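Notes follow once the structure below has been shown.
The values are calculated or read from the model by the stated rules, or taken from the named source; none is laboratory data. Since the structure is predicted, the reported quantities are computational estimates derived from the model, not experimental observations. Cβ sites come from the backbone with ideal geometry, for glycine too, and all protein chains shown count toward neighbours.
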Amino acid sequence: MKKDFLKVTDFTTEEILDTFKIALDMKADRKKYSEALKGETLALIFEKPSLRTRTTFDVGIQQLGGYSVYLSPAEINLGKRESVYDVAKNLERMVQGIMIRTFAHEIVEDMSKYAKIPIINGLTDYTHPCQAMADFLTLHEVKGEFKGLKLTYVGDGNNVSHSLMLAGARLGVDVTIATPRGYEPNLFAFAEATEAAKQTGAKIEVVHDPKEGVNGADAVYTDVWASMGQEDEAAERRRIFMPYQVNDDLMAAAKEGAIFMHCLPAHRGDEVTDSVIDADYSVVFREAENRLHAQKAVMYQLMHA
Ligand code: CP
Ligand code: NVA
């Protein structure tokens, strides 16, 4: 049966750990898997902009011996020029996998339902699972383990926060989300993470005081205050979120030796200061690089025969 990667919890704990093993093997030797997906093609559907996701999927499939075809909003205009069903029914006859970055999560779920080929979520308004895979791979590389770790996400309860909760739940890492009131993570995502955490003992919590949130944190994570599609709210959000800025003062309240994480792109001076993102303890570019290795391993898991 075909397998998709729409949410981190589509993989079991064992599957995630296996994927990390493969990712590290790929990272150690870029050429070792150069025929793993020989002749396979991945369609890249983008309805929002991207630097990292586009580059890492494009380079990643090539390093595995395959090809990508990039489809911009102008080409497809999902659901408007052509229905999701019709796009799925066309592409499944032409390519061996589809990566989609879009708005509503239902679009990737529908694509998964209609297409007979694997679907990879490259970000929806609800989740960003490939990002969380790269983030937890990075966390493990830097800290050497997952056991006993606490990651605190400070800012908007958005797609990235949801994926971090789900990944923490699967991997036994405590995840605290510190948000202003009214900007908490989606209740369904929180409930799903809490349920998944029962198997690993991870503690998933939401707080409103950023200093309380980062207390004891091994990693402090933030993301933009206005996500793609929320540009109109940027000014209001800047006012509301300023007390949640990750700056030297907030980092000083985290555990000694805490690292700083961000999915990027960053809005320097808003959610994070230069002094933090450029500090020695910041691992943001390592996370970006690990997108490549983690996604190559995800593609391998879903697409190799
Ligand atoms: N972190 C991330 O997904 O970056 P892009 O939006 O540039 O792909
Ligand atoms: N939350 C951000 C993540 C970008 C990678 C957004 O959706 O725009």
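On the given criteria, is residue 243 in contact with a Pro (Cβ under 8 Å, 6 or more places away or on another chain), crowded, with 16+ Cβ neighbours inside 10 Å and modelled with pLDDT of 95 or more?
On the way: in contact with a Pro (Cβ under 8 Å, 6 or more places away or on another chain): yes; crowded, with 16+ Cβ neighbours inside 10 Å: no; modelled with pLDDT of 95 or more: yes.
Spelling it out, it is not the case that residue 243 is in contact with a Pro (Cβ under 8 Å, 6 or more places away or on another chain), crowded, with 16+ Cβ neighbours inside 10 Å and modelled with pLDDT of 95 or more.
From the list 152, 127, pick out the single residue that is within 21 Å of residue 203 (Cβ to Cβ), touching a Lys or Arg at 6+ places or on another chain (Cβ under 8 Å) and in contact (Cβ under 8 Å) with a residue 40 or more places away in the chain.
On the way: 152 fails: touching a Lys or Arg at 6+ places or on another chain (Cβ under 8 Å).
The match here is 127.
For the range 148-200, filtered to residues that are of a type in the set (Asp, Glu) and farther than 17 Å from residue 237 by Cα, the residue that is farthest from ligand 2 (Cβ to nearest atom) is 195.
Being surrounded by fewer than 17 Cβ atoms within 10 Å (Cβ to Cβ), modelled with pLDDT of 95 or more and either within 16 Å of residue 273 (Cα to Cα) or touching a Lys or Arg at 6+ places or on another chain (Cβ under 9 Å) (or both) is the requirement here; does residue 249 meet it?
Numbers: surrounded by fewer than 17 Cβ atoms within 10 Å (Cβ to Cβ): yes; modelled with pLDDT of 95 or more: yes; either within 16 Å of residue 273 (Cα to Cα) or touching a Lys or Arg at 6+ places or on another chain (Cβ under 9 Å) (or both): yes.
It is true that residue 249 is surrounded by fewer than 17 Cβ atoms within 10 Å (Cβ to Cβ), modelled with pLDDT of 95 or more and either within 16 Å of residue 273 (Cα to Cα) or touching a Lys or Arg at 6+ places or on another chain (Cβ under 9 Å) (or both).
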